[in-house]
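The values are calculated or read from the model by the stated rules, or taken from the named source; none is laboratory data. Just so we're clear, the structure is a prediction, and the values are computed from it rather than from any experiment. When we count neighbours, we look across all protein chains shown, and the Cβ atoms used for this are built from the backbone with ideal geometry, even at glycine.
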Amino acid sequence: MRINLLDELSKKKAFTIEDARQLGYTNKNVLKVILSRLEKKGWVERIEKGKYMVIPLGAEKGKYTLHEFVLGSFLVDPCIISYWSALNYYGFTEQIPRTVFIQTTARKKHQQVTIFGIPYKIVRIKKEKIFGTEKVWFENTQVNVTNKEKTIIDCLDKPQYAGGIIEVAKAIQTEDYDKKMLVHYAKK
């Protein structure tokens, strides 16, 4: 039973208890016990309450993790990688942020969480500010990232999440973006 569950869940890399329940394991308490045992044996690792990732064969528990953007995408829905994280992704800054910045419209009890030693900053924004995103593949998982123009606009809006206005100025100086789109997004 546990092996079948693990086999099905390993296709996702990360999953929720609800994902496991949809595979036919309707008793939530039994499922929690199974997941706890799988965690103790080093087959899965808990990301946060009700969210897990599968440890691949040959990997050592505590030494394996998914890409930080993939992990972040499991923290809230919707999840958009943004601000300093997106600046770095596009090569607009040589600074590597220690924190992964995420935009969402959802409420989250804790706006700052640390998972496997990686700090995440969850920034709640208004629904009308959700635009200018693209899907990017990380470890066979699609993750939403603000596009270049939206990244610059967001960083101008909240420079404290971008390493300061100097980092935003560096991004603008690159001119590696669509200027008309940047103006359109600024007006929006």
Item to check | Inter-residue pairs, beta-carbon under 6 Å, first among the aliphatic types (A, V, I, L, M) and in the range 28-50, second in a helix (DSSP H, G or I) and at pLDDT 90 or above, 6+ apart | outcome: none
Checklist entry - Are there any strands (runs of 3 or more DSSP E) wholly within the range 98-188 with 1 or more residues that are of a type in the set (D, E) and surrounded by fewer than 18 Cβ atoms within 10 Å (Cβ to Cβ), and if so which? => result 133-138
Item to check | Every residue from the range 44-70 that is assigned to a loop (DSSP other than H, G, I, E, B) and crowded, with 21+ Cβ neighbours inside 10 Å | outcome: I55, L66
Checklist entry - Is there a residue in the range 106-128 that is in contact with a helix residue (DSSP H, G or I) (Cβ under 8 Å, 6 or more places away or on another chain) and without any contact (Cβ under 8 Å) to a residue 40 or more places away in the chain? => result no
Next on the checklist: Tell me yes or no: at least one residue of the range 71-84 is touching a residue at least 24 places away in the same chain (Cβ under 8 Å), surrounded by fewer than 17 Cβ atoms within 10 Å (Cβ to Cβ), assigned by TED's automatic domain parsing to the domain that holds V183 and not aromatic (F, W, Y).
Outcome noted: yes
Checklist entry - Within the range 64-77, is there a residue that is modelled with pLDDT under 95, under 23 Å from V44 (Cβ atoms), out of contact with any strand residue (DSSP E or B) (no Cβ under 7 Å at 6 or more places or on another chain) and among the hydroxyl-bearing types (S, T, Y)? => result yes
Checklist entry - Within the bounds of the range 173-187, is there any residue that is closer than 30 Å to Y64 by Cα and not aromatic (F, W, Y)? => result no
Item to check | Filtered residue count, the range 115-135, keeping only those that are at pLDDT 95 or above and within 16 Å of K13 (Cβ to Cβ) | outcome: 0
Checklist entry - Do you know which residues across the range 137-172 are hydrophobic (A, V, I, L, M, F, W, C), within 20 Å of S73 (Cβ to Cβ) and touching a residue at least 60 places away in the same chain (Cβ under 8 Å)? => result F138, V143, V145
